[in-house]
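Have a look at the structure below before the remarks.
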Amino acid sequence: MSILLALPLYRLTDANGVIIPSGRLYSFLTGTTTPAATYTTSALSVSHGDYVQANSAGLLPPIYLDPTVSYRFQVRATPYASAVSGMDFDPVTAAGAASITFTQAGTGAVATTVEEWLQQLPVSILDFRATSDTTDTAAFQKALATDKPIYFPGGQGLGTAGVYLITTTAAGSGYLTANTRIFGDGIEKTVIRPAAAGQTVFRAKSSGSGTQIDNISLHDLTLYGYSASGFSEQIHLAAFNGVSNLLIERVFFKAPQGDAIYLGTGETPGEGRHNSSVTIQDCRFDGVNNANRAALSVIDCDGLHFRRNTVINFTTSTMPGAIDFEPDATDTTALLRNIRIDGNLFNACGGNVATIGFAVPSAVTALPRSVLISNNDFRNYAGTGAEFYIHTNRTLTAASDDMAIALTGNRGETGVVPFYLVSAKGVVIDQSNVFKTYTTNAVAGLGATEKLWDAYIAPRMFACGSITDARGIRVGTCDGVTLEPYFYKCGAASTTGTPLQFATGVTSNNVTIGPGLRIVANTSQVTGIDNEGGAHTFTSANNRISTSIDLGGLANEFVASAPGQVLPPVTFTWDPANLADGAGETSAAVTVTGAAFGDTVVFTAPYDLQGITLNAYVSASNTVKGRLQNETGGAIDLASGTWTATVTKKAVL
């Protein structure tokens, strides 16, 4: 019987525990410098030769000993150096690991046996391979059953060029369990593929709604699909349903037929599971031929961080885009919140919705919330959609929850639509976002029921909306929106082109054109802010426009209350009570359309107030009141009369 001396992930170190990169472990007969062979397999059929070479990280491959040999081992940093101080071991015998005492370096370490120590280490998939295996699926399932980390040595799979062949079927075994860690030697070194097209490599699924599988990690691998065999929407490289604390890092997802990664509620829609605390970082995604669905598809997740990844060549023309947040209508309890997408590169991605899109059916109760999309680089969009898209498929109101969606520090160059905001509330696209060379206008609000609420839109835009009759940004139905973008030659270079247009047939309310608005005009443009065909309905009394904007000499068709504008006076009847000294009275509410908090209100009496003080104020939107207070020292009874309320709009700085 052979004895395993070192499992993969055993590192060569000096006596102080410092790793020795690319070091060598020499083996001799005890008491001599006569080489003694160690072996690569338990069958002792393939010798390591005179020494075992560690890799650049100090990692050793498996080492098996001949039980009939008594060994001497030396750790050497270079081929011709002597043994590293304190790292000459003699004798070493192939005694059973249960009988050898082992104590880890460091203060307070407790003695154990080599056998017990080895049981704590990862297992290699090679340890479970049968000679009759034609794929690596069975060995993987056996390794998974040990509940230990699983190591895939690079280039030793049963497929062509050492690729591992693994398939996990929806009805079969091999689902990842809690505390699963799967790793290899690095991207392009350890490559795993489905055993055939139409199959999935890794799956995880909790036992049901309200349960999760905790602590799964994948790292230093390549998962390689079969997009060359054609698009297949539901065939993913890795699918997770009901997981928490999922970490995927340094993994290359290549050529999936469906999604590279799927975060769902179940293998059929509406099963009600939730995902949480998912991190995907330092990965590469290459769709190769765009014959796939998404790099990442999210049905449900509370706490997702997608960062420092590269995503290229994703999404067939009939699918949404590279990152798709899209619950099914039956996933009524799905959650999309606490999402961060930052520091990624998206290149040559396509689809028909967006590079990053949120499409939430009205049947899903919760709105997306707390989404940060920052410092991403979008290049060469190849689809028919936008870089960012949001649509909640419902009529939002003032009482709807704020979604807290922010885009900041993003850069986009060469595409179709920079952003497309349909029905959403609480969206910020600040000045640090830059979009350059997009053929079609961005969209903020759409039809009468697809309303954009409480948004701040101020990107810097260069040569966007260049096709015939296009605009830089087109504004639809909205309420509480502030616009102050910078436009450089945005909108078509014609008399019908315009940087900022308010769409025909819809209504806007509480819109502010802020002081940051700047227009560097295209040749031949006439209008800087356009009311499309004169058919957009402005709620002018509630709109604001700064006196500091720069329209580049173009016309303005935006309708708003100018700073200091006096609204039409309103008359009303008031018969104050007989006020004793120290008493006061507040008038009934008076409707003045367009009155808003911060405006100045003046009540004019039809007679002498005889020393009574009068104050007037905005009590609610479109509503004012007045207050009389008698501090004269005696009672005063003012007569009934016709009063006048006058409102002056506040200035916009």
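The values are calculated or read from the model by the stated rules, or taken from the named source; none is laboratory data. Computed from a predicted structure; not experimentally measured. FYI the Cβ positions are ideal-geometry reconstructions off the backbone, even for glycines, and counts take in every protein chain you see. SASA here: full protein model, heavy atoms, side chains in, ligands and nucleic acids out. Shrake-Rupley method; radii C 1.70, N 1.55, O 1.52, S 1.80 Å.
Looking at Thr168, is it open to solvent by 50 Å² or more (accessible area, probe 1.4 Å), over 27 Å from Pro21 (Cβ atoms), at pLDDT 75 or above and not basic (Lys, Arg)?
No: the conditions fail for Thr168.
Determine whether segment 355-368 contains at least one residue that is surrounded by fewer than 21 Cβ atoms within 10 Å (Cβ to Cβ) and at positive phi.
no
Where in segment 278-331 are there strands (runs of 3 or more DSSP E), lying fully within it, with 1 or more residues that are charged (D, E, K, R)?
284-286, 301-307, 323-325
Just wondering, is there one or more residues in segment 206-228 that are over 19 Å from the mean Cα position of the chain (by Cα), among the β-branched types (Val, Ile, Thr), modelled with pLDDT under 95 and open to solvent by 10 Å² or more (accessible area, probe 1.4 Å)?
no
Could you go through segment 483-502 and let me know if any residue there is touching a helix residue (DSSP H, G or I) at 6+ places or on another chain (Cβ under 7 Å), closer than 23 Å to Asp550 by Cα and not hydroxyl-bearing (Ser, Thr, Tyr).
Yes, because at least one residue in segment 483-502 is touching a helix residue (DSSP H, G or I) at 6+ places or on another chain (Cβ under 7 Å), closer than 23 Å to Asp550 by Cα and not hydroxyl-bearing (Ser, Thr, Tyr).
Given the options Val506, Val475, Val481, name the one that is of a type in the set (A, V, I, L, M) and over 29 Å from the mean Cα position of the chain (by Cα).
Val506
Take Ser70 and tell me if it is among the polar types (S, T, N, Q) and open to solvent by 70 Å² or more (accessible area, probe 1.4 Å). I'd like the intermediate steps shown before the answer.
Values: among the polar types (S, T, N, Q): yes; open to solvent by 70 Å² or more (accessible area, probe 1.4 Å): no.
For Ser70, the condition - among the polar types (S, T, N, Q) and open to solvent by 70 Å² or more (accessible area, probe 1.4 Å) - is not met.
Going residue by residue through segment 319-334, is there one that turns out to be farther than 26 Å from Ser207 by Cα, open to solvent by 10 Å² or more (accessible area, probe 1.4 Å) and in contact (Cβ under 8 Å) with a residue 12 or more places away in the chain?
Checking segment 319-334: at least one residue is farther than 26 Å from Ser207 by Cα, open to solvent by 10 Å² or more (accessible area, probe 1.4 Å) and in contact (Cβ under 8 Å) with a residue 12 or more places away in the chain.
For Asp599, state whether it is open to solvent by less than 40 Å² (accessible area, probe 1.4 Å) and either in contact (Cβ under 8 Å) with a residue 24 or more places away in the chain or under 20 Å from Ile473 (Cα atoms) (or both).
Yes, satisfied.
Exactly one of (1) out of contact with any helix residue (DSSP H, G or I) (no Cβ under 8 Å at 6 or more places or on another chain); (2) closer than 20 Å to Trp453 by Cα is unmet by Asn509. Its number?
So the condition that Asn509 fails would be (1).
Does at least one position in segment 200-211 carry a residue that is hydroxyl-bearing (Ser, Thr, Tyr) and over 22 Å from Ser244 (Cβ atoms)?
The answer is no, given that none of the residues of segment 200-211 is hydroxyl-bearing (Ser, Thr, Tyr) and over 22 Å from Ser244 (Cβ atoms).
Here's the yes/no breakdown for (1) surrounded by 16 or more Cβ atoms within 10 Å (Cβ to Cβ); (2) within 22 Å of Leu121 (Cα to Cα); (3) aromatic (Phe, Trp, Tyr):
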site: Ser45; (1), (2), (3): no, no, no
site: Ala57; (1), (2), (3): no, yes, no
site: Leu65; (1), (2), (3): yes, yes, no
site: Gln74; (1), (2), (3): yes, no, no
site: Pro79; (1), (2), (3): no, no, no
site: Ser82; (1), (2), (3): no, no, no
site: Thr93; (1), (2), (3): no, yes, no
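Please specify each residue of segment 113-145 satisfying the condition of being assigned to a loop (DSSP other than H, G, I, E, B) and modelled with pLDDT of 90 or more. Break it down into steps so the answer makes sense when it comes.
Of segment 113-145, the ones assigned to a loop (DSSP other than H, G, I, E, B) are 120-122, 129-136, 145.
Correct list: Arg129, Ala130, Thr131, Ser132, Asp133, Thr134, Thr135, Asp136, Ala145.
Residues to consider are Leu158, Leu223; find the one that is assigned to a strand (DSSP E or B) and touching a residue at least 24 places away in the same chain (Cβ under 8 Å). Spell out the reasoning first.
Details: Leu158 fails: assigned to a strand (DSSP E or B).
Going through Leu158, Leu223 in turn, the sole match is Leu223.
Report every pair of residues separated by at least 6 positions or lying on different chains whose Cβ atoms are under 6 Å apart, first residue within segment 264-292 and open to solvent by 30 Å² or more (accessible area, probe 1.4 Å) and modelled with pLDDT of 95 or more, second hydroxyl-bearing (Ser, Thr, Tyr) and in a strand (DSSP E or B).
If the second residue must be hydroxyl-bearing (Ser, Thr, Tyr) and in a strand (DSSP E or B), the pairs left are Ser277/Ser244; Arg284/Thr310.
Against the definition (of a type in the set (Phe, Trp, Tyr), touching a Ser or Thr at 6+ places or on another chain (Cβ under 8 Å) and at pLDDT 85 or above), how does Phe152 come out, yes or no?
yes
Can you tell me which residue is farthest from Cys464 (Cα to Cα) among those in segment 369-416 that are among the acidic types (Asp, Glu) and open to solvent by 10 Å² or more (accessible area, probe 1.4 Å)?
Looking at the filtered set, the residue picked out is Asp401.
Name the residue that is modelled with the highest pLDDT, counting only residues in segment 547-576 that are closer than 22 Å to Gln525 by Cα and among the polar types (S, T, N, Q).
Result: Asn556.
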